[in-house]
Amino acid sequence: MSGLTASGLVLGNGDATLSVAAGASKFSFGTASGSYAVSIVTQPDGQTCSVANGTGTIVSSVSDVAVSCRGYMAYVTNSGSNTLAQFSVAAGTGSLSALSTAVMAANYSPYAIVLSPDGARAYVAHQDNKQIGAYKVGADGSLTSLGVASAGSNSYALGMGAAGTTLYVANYGAASVSQFSIADSGLPVMLTPATVTAGVNPAALSVTPDGRFAYVANASDNTISQYAVSSTGALVSLGAVVSTGSTSSPIALAVDPDGSHLYAVLADAQLVAQYAIGSAGTLSSLSPASVATGLVPRSIVITPNGKYAYVANSGSGTVSQYAITSGRLTALATASVIAGQGVNALAVTPDGRYVYAVNGVDATVSQYAIQSGGGLSALSSGAVSTGGQKPSAIAVR
C-alpha cells in the first residue's frame, strides 16, 4: 500500500471486503485459497486508488498485489492549441495547481476526455482525427502516452463501462458508436462488431453506473439512441430512438448515480429534458418533461450523492443550479452563478465537494465549492488558466 493519506478505502476480494486505515503501508485478507481478484470497492475521501497485480491464483501466498493512492487530478483538453492541461487538486481547498509540466502536446485537436474508474488511465478523442489517445496517469498525475486506437470518425464524446474495461466513442461524422475493450496494456481493442448505428452527428454518450445501459445524444436529428450492454461489452440497440423535439439539438447527457434517471441538455431549446430509465433500459419522459436553462447550454454534471445538478450555459456565461427530487430538477433559489465567457464543460470531484467549469473563450477554469444546500461558491483562488486555446472538456479523478 502506498500514498494512502485519507480514510474510507475499502478493498474487495470476491465476497470479502477489507477497510484500510489512512497511513497503512500494507493490507491482508488473511488466509485464502484458489483464485483472487483484489479491487477497489470504495475510494478514500479526496483520493483515487488503483490496483496492480490484482488477479491470479494462490499457490502458497501472495505478496505482490500493490495498491497506490494519490490526490485528485484534473485534465483539460485545449482543442485550439492541441494540448492537454494537467492540474493537481489541493486537498481541503479544491484549488487547481498546474503540474510541473503544465501542458503536454497532443497530435491532433483534443475535444473530449474520460478517466478510468480507478484513475489510472485517460482516454482522449479528437475532433479532427479518428485516433483515440490512451494515456497512463503517473503517481504525480502526469500523463504518459500509451499509444492510439482508431475510431470510426472524428469524435466528440467518450464513455467508459462501469468496470473500466470497455470504452465507447461517439463518431460525430459517421452516425455510429465505436466500441472497444481495454487491454491489460491500457490500449483500446475493437470489439465485434466494431461499431453500432447511432443517429445523425452523435455528440454525447453516457453509460449507467451499473454498466447495463448506454445512451447517445444525436445532435442533428434531435434524438437519443438507447442501448443495452451485452456480456461482451458490445452495445445492442433497444429499438426506437427517443425524440427530444424538433430543433432541440441534444448536446450533453448525464445519468444519476443510482442509474434511474437520464438528463439531456437541449442546446437550441435551452432546456434540460428529464427521463426515467426503466428496468429494461428504455426511457420515459417525466412530468414536467424539461426545465429551463440559461443561454446555449452545453454541459451537465450531477453530484455523486444525486442531490444536485449543474448546467454550463455558454451563451450567458453562467452555471445553472438545480436540486434533484424524485428525479426531477428544480432551480435553486439562486438559479445560477457567474462563470467565464463561453463556459462549455463541467466536472465534479468524486467526493462531491467541488465543481469546475471550463470557459472556452477565456481559456480558464472557474472553481467552486458546493455548499450545504447545493449552491456553488467561487473559490478564493479564482479561475486558473488552461495554458492553451479553446478548452473543450475536463475530467477529474
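We did not get these values from a lab; they are worked out from the coordinates using the rules stated. On a predicted model such as this, the values are computed, not experimentally measured, just so you know. Neighbour counts run over all protein chains shown; Cβ positions are idealised from the backbone, glycine included.
Quick note on segment 64-193: its Rg to Rh ratio, both from C-alpha atoms and Rh being the Kirkwood radius, is 0.98. Exposure proxy for MET160, MET1, MET190: other Cβ atoms within 10 Å of each Cβ, ordered fewest to most, give MET190, MET1, MET160. For segment 106-292, relative contact order (Cα pairs under 8 Å, six or more residues apart, normalised by length) works out to 12 percent. Relative to one another, the C-alpha centroids of segment 81-148 and segment 313-363 are positioned 22 Å apart.
Got a sec? How would SER285, SER320, SER155 order by Cβ neighbour count within 10 Å, fewest to most?
With the sparsest Cβ surroundings first, the list reads SER285, SER320, SER155.
Taking every alpha-carbon pair under 8 Å whose residues sit at least 6 apart, the chain reaches a relative contact order of 10 percent. Its Kirkwood hydrodynamic radius, worked out from the mean inverse distance over all distinct Cα pairs, puts segment 156-208 at 11.1 Å. What's log10 of I(q)/I(0) for segment 9-69 at q = 0.19, 0.21, 0.27 Å⁻¹, Debye sum over Cα points only, no solvent? Listed by q, the Debye log ratios stand at -0.67, -0.81, -1.33. Taking every alpha-carbon pair under 8 Å whose residues sit at least 6 apart, segment 9-69 reaches a relative contact order of 32 percent. Rg/Rh for segment 1-133 stands at 1.07; both radii use Cα atoms, and Rh follows the Kirkwood definition. Since only VAL114, ASN313, SER145 are under comparison, the one whose Cα sits farthest along the positive direction of the charge dipole of the chain, derived from C-beta charges on Lys, Arg, Asp and Glu, is ASN313. Listed by chain and number, the lysines whose alpha-carbon sits under 23 Å from that of LYS307, ignoring those within fewer than 8 places in the same chain, form an empty set.
Think of the chain as a dipole: +1 on every Lys or Arg Cβ, -1 on every Asp or Glu Cβ, centred on the Cα centre; then among ALA369, LEU18, GLY34, ALA369 lies furthest on the positive end.
For the chain, divide the Cα radius of gyration by the Kirkwood radius and give the resulting Rg/Rh value with two decimals.
On the way: Rg = 20.2 Å, Rh = 21.2 Å.
On the Cα set of the chain, Rg over Rh gives 0.95.
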